[in-house]
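In what follows, a single structure is set out as structure tokens and then discussed.
The values are calculated or read from the model by the stated rules, or taken from the named source; none is laboratory data. As the structure is a computational prediction, the values presented were derived from the model and not from experiment. Neighbour counts are summed over all protein chains in view; Cβ atoms, including those assigned to glycine, are modelled from backbone coordinates with ideal geometry. Please note that ligands, DNA and RNA were not included when accessible areas were found on the heavy atoms of the full protein model with its side chains. Shrake-Rupley method; radii C 1.70, N 1.55, O 1.52, S 1.80 Å.
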Amino acid sequence: MYKRIVVKIGTKVLSNPDGRLDREVLEHIIEQAVLLRKKNIQVILVTSGAVGTGRGLLTLKKDIGSVVQKQVFAAVGQVRLMGMYADLFEKHGYFCAQVLATKEDFRDRQHYANMKNCFENLLQDKIIPIVNENDVVAISELVFTDNDELAELVATQLRVDAVVILTSVDGVLVGGRTISEINLSNAVSFKKHITPERSAGGRGGMRTKFSVSLKLAKRGITTYIVNGKKRNALTDVIAGKRIGTKFLPRKKAASYKR
Ligand code: GLU
């Protein structure tokens, strides 16, 4: 049984086709996270959806440029997003904690240690840490990065047992069929079939998810890519049901040095 997991929730999972937050889906994901927490599995959520939520709320002047627009959307959307998480978790008697990070925070030794220490303490209590990229500052060469990579960094930092990537498709699809298991030896044969396109709302796309999952597998962390819109997707996959795609980890966890 897993003791600690990261669950990454993509923008498309969280939003309705019109771009607004899908409260029902979020409510159900939180229900599942609480169920796992009650089984003594520590859950860290990595959530997208700030930019998407902000975009649904605001109409901005075009002339401020797309990068600043995204920053503004993220800054406003993050509040709304976390408000919803906080409300929904509180109904179950849990608090949630907001952790906003950039990739640079994982490169800076002191920031890294501070963050890790905070996470460890949050996890001891009835608190669910919810991580997102700090989009207001995280712009490298005017390109935002994505939360699949952020989930990978957090998972490695906290030495979790598994990562569940909740997305809007049924896992890694090749020729319309879901590949149920990928290991380090057969990964190459599937990789070439993965198309680079991204979903309209999110940033990562299946290519990133695939390579993130593979990196995690190499570090001994089991990774699942499943359809987060489906009922019980999270609890089912953790219970060992064969849904979505499972990336089998290297047998013995390689000691990973930052
Ligand atoms: N941090 C972005 C947001 O909250 C999402 C990035 C991604 O889609 O990976 O909107």
Next on the checklist: Loop only by DSSP, 10 or fewer other Cβ within 10 Å of the Cβ. Give me the GluC sites (Glu not before Pro) in the stretch 95-170 that pass, ordered by residue number.
Outcome noted: 141
Checklist entry - Which value, in debye to the nearest 20, gives the size of the charge dipole of the stretch 1-139 about its Cα centre, when Lys and Arg are +1 and Asp and Glu are -1 at the Cβ? => result 260
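Grab the Cα-Cα distance for residue 183 and residue 195, subtract it from 0.36 nm times how many residues apart they are, and report the gain in nm with one decimal.
So the extension gain works out to 2.4 nm.
Determine Rg/Rh for the stretch 1-106; Rg is computed over alpha-carbon atoms and Rh is the Kirkwood hydrodynamic estimate from the same atoms. Numbers along the way, then the final one.
Values: Rg = 15.2 Å, Rh = 14.9 Å.
Radius of gyration relative to Kirkwood radius: 1.02.
Which order do you get for 211, 66 if you rank them by accessible area with a 1.4 Å probe, largest at the top?
Working: 211 35, 66 85 Å².
Largest to smallest exposure gives the sequence 66, 211.
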Checklist entry - What is the gain in length, in nm to one decimal, between residue 66 and residue 107 on full extension, counting 0.36 nm per residue of separation less the C-alpha to C-alpha distance? => result 12.0 nm
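Between residue 95 and residue 18, what FRET efficiency follows from the Cβ-Cβ distance if R0 is 41 Å, with the result rounded to 0.05? List each step's numbers first, then the result.
Values: r = 30 Å, r/R0 = 0.74.
Step by step, r from the Cβ atoms, then E = 0.85.
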Checklist entry - Roughly how big is the chain's charge dipole about its Cα centre, with Cβ charges of +1 (Lys, Arg) and -1 (Asp, Glu), in debye to the nearest 20? => result 1000
Next on the checklist: Using 5 Å bins from zero, what percent of all Cα-Cα pairs in the chain falls into each bin?
Outcome noted: 1, 6, 14, 18, 21, 18, 13, 7, 2, 0, 0
Checklist entry - Taking a ≥ b ≥ c as the square roots of the eigenvalues of the Cα gyration tensor of the stretch 35-188, is the shape rounded (a/c under 1.5), prolate (a/b larger than b/c) or oblate? => result rounded
Checklist outcome for this item: Taking a ≥ b ≥ c as the square roots of the Cα gyration tensor eigenvalues, with a/c under 1.5 meaning rounded and otherwise prolate when a/b beats b/c or oblate if not, the stretch 111-180 comes out oblate
Checklist outcome for this item: Of the stretch 116-130, those with amide N under 15 Å from the point 7 Å along the Cα→Cβ vector of residue 38 are none
Next on the checklist: If you average the C-alpha positions of the stretch 15-68 and of the stretch 157-176 separately, how far apart do those two centres end up, in angstrom?
Outcome noted: 17
Checklist entry - By the gyration tensor of its Cα atoms, with a ≥ b ≥ c the square roots of the eigenvalues, what is the shape of the stretch 69-132: rounded for a/c under 1.5, prolate for a/b over b/c, or oblate? => result oblate
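Only loop residues by DSSP count here, and only those with at most 10 other Cβ atoms within 10 Å; note down the trypsin sites (Lys or Arg not before Pro) in the stretch 30-70 that meet that.
On the way: sites: 37, 38, 39, 55, 61, 62, 70; in loops: 39, 61.
In loop regions of the stretch 30-70 (DSSP not H, G, I, E or B), the sparsely surrounded trypsin sites (Lys or Arg not before Pro) are 61.
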